[in-house]
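> Quick one: structure below, then a few questions.
The values are calculated or read from the model by the stated rules, or taken from the named source; none is laboratory data. For clarity, every value in this text was computed on a predicted model and none was experimentally measured. Here the Cβ is made from the backbone with ideal geometry for all residues, glycine too, and neighbour counts use every protein chain on show. Only protein heavy atoms, including side chains, enter the accessible area calculation; ligands, DNA and RNA are left aside. Shrake-Rupley method; radii C 1.70, N 1.55, O 1.52, S 1.80 Å.
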Amino acid sequence: MHDPDVIVVGAGLAGLVAAHELVKGGRSVLVLDQENRNNLGGQAFWSLAGLFFVDSPEQRRAGIEDSYELALADWLGSAQFDREREDRWPRRWAEAYVRFAATEKRRYLRDLGLRVLPMPGWAERGAGVAGGHGNSVPRFHLTWGTGPELVRVFQEPLEEAEKRGLVRFAFRHRVDRLIVEEGAVVGVSGSVLEPCDALERGVASPRTAVGEFELRAKAVVVCSGGLGHDFDLIRRNWPRERMGEPPREMIAGVPAHVDGRMLGISEEAGASIVNRDRMWHYPEGLRNWNPVWPHHAIRIIAGPSSMWFDALGQRLEAPFFPGCDALGTLRRILSTGHDHSWFILNESIIAREFALSGSEQNPDITGKDLRKTARSRLSSSTPSPVAAFRRHGVDFLVRDALPELVAAMNELVPEPALDAAAIERQIRARDLEIANAYGKDAQVMAIRNARKYRPERTRIAKPHRLLDPEHGPLIAVRLNVCTRKTLGGLETNLDSQVLRPDGEPFPGLYAAGEVAGFGGGGVHGYNALEGTFVGGCVFSGRAAGLALVRELRSAAAARPVAVEGAA
């Protein structure tokens with residue numbers, strides 16, 4: 001295949017979905033990626049692959065009443081679109097995506113062989129205000145097989161198409177320039193990087209160029225991901241007016257190849273970038289004791305019971321509780337002038353309520369082992385991946401008594417020094433609220449509310465006094481800023497066609513996934529509801545593929561037919 005119909009830049013999930021739809025439509029595709037074949041699927045492979053479904057059978061069986069209207073209200077309450085120019089297409093994408101989540105999305109993935117766990121999770125519960133940020137009901141549908149399974153259902157059909165010559169993958173091909181002729185993108189050029197076929201997935205690869213290439217096609221789809229591992233670019237785009245000064249120290253929730261290069265390359269060619277100051281990072285990052293990539297971070301997915309303290313030793317107020325408002329909590333933590341914060345909990349809480357993000361941190365679900373999954377999820381023991389972090393991770397501290405625990409916290413992070421007596425007063429005040437089934441502590445109320453959702457009752461500890469020795473020992477966890485997602489990006493219309501700064505379509509150029517802010521240049525607005533990232537890759541990649549099939553078919557039909565013997 002010398003002249004493909006379409007070049008897809010990036011072999012992550014959005015690129016695989018776009019290529020899948022193109023092949024289904026009879027089009028030839030060349031997929032370029034700067035990494036080796038082992039990295040097919042990109043960041044999605046490492047994810048839990050939580051999926052945002054609305055009014056799903058799983059929700060209905062769990063007694064959840066959901067609807068397009070409620071989900072859209074939650075989305076818009078979280079997004080808070082307020083920019084007349086830059087939010088024009090993101091708002092349309094939001095409405096279209098929620099409709100997709102309420103109608104076709106589950107069937108589309110199910111027809112490819114994907115299944116989800118029967119009990120939706122309740123992620124990003126919000127700021128405690130109707131009409132504000134957060135999910136009103138559980139919508140986080142965890143893929144049975146996590147990220148590798150979501151990648152597989154698109155990868156396998158493409159590998160079959162590769163055998164038939166409909167798709168070609170060119171790995172270690174880094175795009176450095178979009179070729180523009182007469183105002184349209186007609187191809188790409190770049191560098192062939194040093195081969196590294198044996199390098200394992202996620203490991204940082206060499207950037208030595210050993211050759212050059214120039215390739216042409218009828219259209220180019222940019223699916224290159226975000227900028228989550230480029231700390232300098234994150235700081236340059238950081239929204240100081242909303243979030244304060246950027247963190248001095250960050251750890252990376254994504255591999256080193258997530259570098260944001262194609263954003264600048266596309267903009268230089270004439271593409272519009274919008275909402276570049278919107279991004280999504282987590283305040284609950286751990287330094288991975290067994291890292292794959294540089295500065296490798298793992299996020300704690302915590303239940304609601306851990307007490308959260310800032311770097312000065314002040315308990316975080318409502319609504320900044322675990323699992324409620326990621327960006328709001330991050331802003332609150334950074335307001336102290338420090339990057340870190342602390343969980344204080346005990347053995348009963350860690351055993352029930354701690355999970356870790358990432359496919360490799362959930363081997364039971366990733367391996368689709370029903371027996372192990374049931375055993376681990378119903379067990380009263382700490383999950384083995386969490387236990388490994390507790391044993392080996394530098395961020396975990398375990399002591400029998402609170403004074404010794406605070407002393408260890410001060411030894412790990414000497415400045416600012418924590419006052420053990422002040423922390424004890426705050427914990428004891430919270431513990432006094434436990435005796436009754438009602439009270440005034442907002443976090444205790446949140447715990448009781450969460451336990452009313454029956455499927456999650458097994459993973460939320462029964463309310464108890466944190467300092468009760470029967471639930472010990474005590475545990476402190478230092479939490480770090482974990483970089484993750486780009487919420488702004490290349491501006492696109494609902495066909496995933498990239499726009500120019502004047503709002504007109506850029507002929508020949510499309511974008512999908514995180515590089516396009518998961519659609520439109522910022523479908524999430526200022527905030528995300530979780531389960532919407534990999535789903536955004538699917539939706540925007542599908543839109544790009546379907547649109548190009550239609551466009552190329554129309555172009556072929558409009559092409560004049562040569563008549564034999566005509567002068």
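> Calculate the tail of P(r) for region 393-436: the fraction of all Cα-Cα distances greater than 14 Å, expressed in %.
55 percent
> If you add up the charges near Ile265, with Lys and Arg at +1 and Asp and Glu at -1, over every other residue whose beta carbon is less than 14 angstrom from its beta carbon, what do you get? Write down the numbers at each step before the final one.
On the way: positive: Arg174, Arg177, Arg261; negative: Asp176, Asp230, Asp259, Glu267, Glu268.
Residues close to Ile265 contribute a combined charge of -2.
> If you take the beta carbon distance between Asp3 and Cys196 as r and set R0 to 25 Å, what does 1/(1 + (r/R0)^6) give as a FRET efficiency, to the nearest 0.05? If you can, show how the numbers build up before the last one.
On the way: r = 28 Å, r/R0 = 1.13.
Computed FRET efficiency for Asp3 and Cys196: 0.35.
> Taking the simple approach of a point 7 Å from Cα along Cα-to-Cβ for both Arg99 and Asn449, what is their distance in nm?
Each label point lies 7 Å from its Cα, and together they span 3.1 nm.
> Same structure, new question: In what sequence, largest accessible area first, do Val394, Val534 appear using a 1.4 Å probe?
Val394, Val534
> Given a 1.4 Å probe and heavy atoms of the protein chains only, how would you sort Tyr108, Tyr97, largest accessible area at the top?
Solvent-accessible surface, decreasing: Tyr108, Tyr97.
> How much length would be gained if the chain were fully extended between Arg377 and Ala442, taking 0.36 nm per residue of separation minus their Cα-Cα distance, in nm to one decimal?
Details: separation 65, 0.36 × 65 = 23.40 nm, distance 2.71 nm.
Contour length minus Cα-Cα distance gives 20.7 nm.
> Per the Cauchy relation, a quarter of the hull surface: what is the mean projected area of the convex hull of the alpha carbons in region 1-71, in nm²? Intermediate results must be reported in sequence, preceding the final value.
Working: hull surface 29.1 nm².
Dividing the Cα hull surface by four gives the mean projection, 7.3 nm².
> Quick one: what Rg and Dmax do you get for region 284-401 from the alpha carbons, in Å?
Using the Cα atoms of region 284-401, the pair Rg, Dmax is 15.0, 46 Å.
> Hey, got the dipole for the chain? About the Cα centre, +1 on K and R Cβ, -1 on D and E Cβ, debye to the nearest 20?
Numbers: 71 positive and 72 negative charges, 319 e Å.
Value, rounded to 20: 1540 debye.
> Ok, one more. Amide H of Gly50: which non-local residues (sequence gap of 5 or more, or other chain) have their own amide H closer than 5 Å, using H built in the peptide plane?
Thr143
> Using the Karplus curve 6.51 cos²θ - 1.76 cosθ + 1.60 with θ = phi - 60°, work out ³J(HN,Hα) for each residue of region 349-361 in order, rounded to whole Hz, and write x for Gly and Pro.
6, 5, 5, 8, 10, 9, 10, 10, 6, x, 4, 6, 8
> Per residue, what volume in Å³ does the convex hull of the Cα atoms of region 282-482 enclose?
In region 282-482, the Cα hull volume divided by residue count equals 118 Å³.
> Kindly state, to the nearest 0.05, the FRET efficiency for Thr336 paired with Tyr68, given R0 = 56 Å and r defined as their beta-carbon distance. Before the final figure, lay out each step's value.
Working: r = 40 Å, r/R0 = 0.72.
Taking R0 as 56 Å, the efficiency between Thr336 and Tyr68 is 0.90.
> Now for a separate question. Give me the percent of accessible area attributable to carbon and sulfur for region 282-482, probe 1.4 angstrom.
The C+S portion of the solvent-accessible surface of region 282-482 is 53 percent.
> Right, something else. Using the alpha carbons of region 228-267, what is the convex hull volume per residue in cubic angstrom, as a whole number?
About 76 Å³ per residue, rounded to a whole number.
> For the chain, what relative contact order do you get, as a whole percent, if you take Cα pairs closer than 8 Å and at least 6 residues apart?
Working: 1286 pairs, mean separation 126.5, N = 567.
The normalised contact order for the chain reaches 22 percent.
> Across all directions of projection, what mean area in square nanometres is found for the Cα convex hull of the chain?
27.1 nm²
> A further question on this structure: For Glu530, Glu200, Glu156, Glu268, what's the largest-to-smallest order of accessible area, 1.4 Å probe?
The most accessible residue leads, giving Glu268, Glu200, Glu156, Glu530.
> Take the alpha carbon atoms of region 374-467, find their radius of gyration, then divide it by 2.2 N^0.38 Å using N residues; give the quotient.
That works out to 1.30 for region 374-467.
> Given H placed on each backbone N at 1.01 Å, which residues far from Asp176 in sequence or on other chains put an amide H within less than 5 Å of it?
So Asp176 has HN proximity to Ser189, Gly190, Ser191.
> Continuing with the same structure: In terms of the ratio Rg/(2.2 N^0.38 Å) built on C-alpha atoms, what value belongs to region 191-263?
Working: Rg = 16.0 Å, N = 73, 2.2 N^0.38 = 11.2 Å.
This ratio for region 191-263 stands at 1.42.
> Grab the other residues whose beta carbon is less than 14 angstrom from that of Asp87, score K and R as +1, D and E as -1, and report the net. Could the numbers behind the result be given before it?
Values: positive: Arg83, Arg85, Arg88, Arg91, Arg92, Arg276, Arg278; negative: Asp82, Glu84, Glu86, Glu95, Asp277, Glu491.
Net local charge, Asp87 excluded: +1.
> Also: Could you pull out every one of the lysines with an alpha carbon less than 18 Å from that of Lys105, ignoring same-chain neighbours closer than 8 positions?
Excluding near neighbours in sequence, the set is Lys24.
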